[in-house]
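The values are calculated or read from the model by the stated rules, or taken from the named source; none is laboratory data. Quantities reported herein were computed from a predicted structural model and do not represent experimental measurements. Cβ sites come from the backbone with ideal geometry, for glycine too, and all protein chains shown count toward neighbours. Remember, those area values only see protein heavy atoms, side chains included, never the ligands or the DNA or RNA. Shrake-Rupley method; radii C 1.70, N 1.55, O 1.52, S 1.80 Å.
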Amino acid sequence: PVASSTISLSGQVFGRLRLSPGPGGLTNYTGTGINGTIVRSHLEIMPGVNLSLNLEGIFYVAGNLSHKGGLFNLASTALSLRLEIGGDFYQATGAITTESGSANPEIILNGPQPQQLQIEGTISNDVTLKIDNAAGINLRHNLSLPYKLSLANGIITTNQYVLSLQASCLMQATPGNTCFVNGKLEKKGLSNASFLFPVGKGGASRWCQLHEATGDFLVEYLSSDPRQVGSHLS
């Protein structure tokens, strides 16, 4: 396509789906329907591509999702979409994943093996990131979330990076040792509020809760003697 194209996604099954720009270097794709979509391997959104969805149900990507394009709009109307990813999720610098309708779409990482999460671009508006992978998630870049982080199952290991929740971002977590952040978790914009940080280490959760807290807080559980961490701890 030269400038824009409506592609058939509703009820479709693809082996591998790659969306590329036309000869003009920029293409706007749209996909609509109520029957969901299955991609049996990888979904690639190439540079110069904007993809806008008006889909109901589940958009299932069994392999990797590589978002190297411009705008990936998960919900342009009131239709609610669950984007389920079985492989790794990579988003390039400058790329945006968002929604512009009245729905609250979810990105769900629920693969059968450890998944890599490398979001170098932006996630904006009312988009939920849900973790439902018992094998765990490895963070490969700093990640800032705007709306909601849902920890249903599995451990997020942040490595040297920071998982940050913006001021209006909510946290939903299942209690237990199978669901927490192993590493740095930041909550911004607290104003005389309570907040529960589901953090842990070594396969065990050690949740930390703040009360009447104001400001930005970066929390990590360190499995060591607190006197070795800092002299101001008691």
*asked:* Among the residues in region 24-39, are any open to solvent by less than 40 Å² (accessible area, probe 1.4 Å), within 21 Å of V61 (Cα to Cα) and in contact with a Lys or Arg (Cβ under 9 Å, 6 or more places away or on another chain)?
replied: yes
*asked:* Tell me yes or no: at least one residue of region 56-68 is more than 19 Å from the chain's Cα centre (by Cα), at pLDDT 95 or above, assigned to a strand (DSSP E or B) and surrounded by 19 or more Cβ atoms within 10 Å (Cβ to Cβ).
replied: no
*Is it fair to say N133 is open to solvent by less than 20 Å² (accessible area, probe 1.4 Å) and either of a type outside the set (S, T, N, Q) or within 25 Å of L81 (Cα to Cα) (or both)?*
yes
*Would you call N177 outside any strand (DSSP E or B), under 23 Å from A75 (Cβ atoms) and open to solvent by 60 Å² or more (accessible area, probe 1.4 Å)?*
no
*Working carefully through the options L218, L190, find the one that is open to solvent by less than 60 Å² (accessible area, probe 1.4 Å), assigned to a strand (DSSP E or B) and not hydroxyl-bearing (S, T, Y).*
L190
*Scan region 40-55 residue by residue and report those that are part of a loop (DSSP other than H, G, I, E, B), open to solvent by less than 50 Å² (accessible area, probe 1.4 Å) and not polar (S, T, N, Q).*
M46, G48
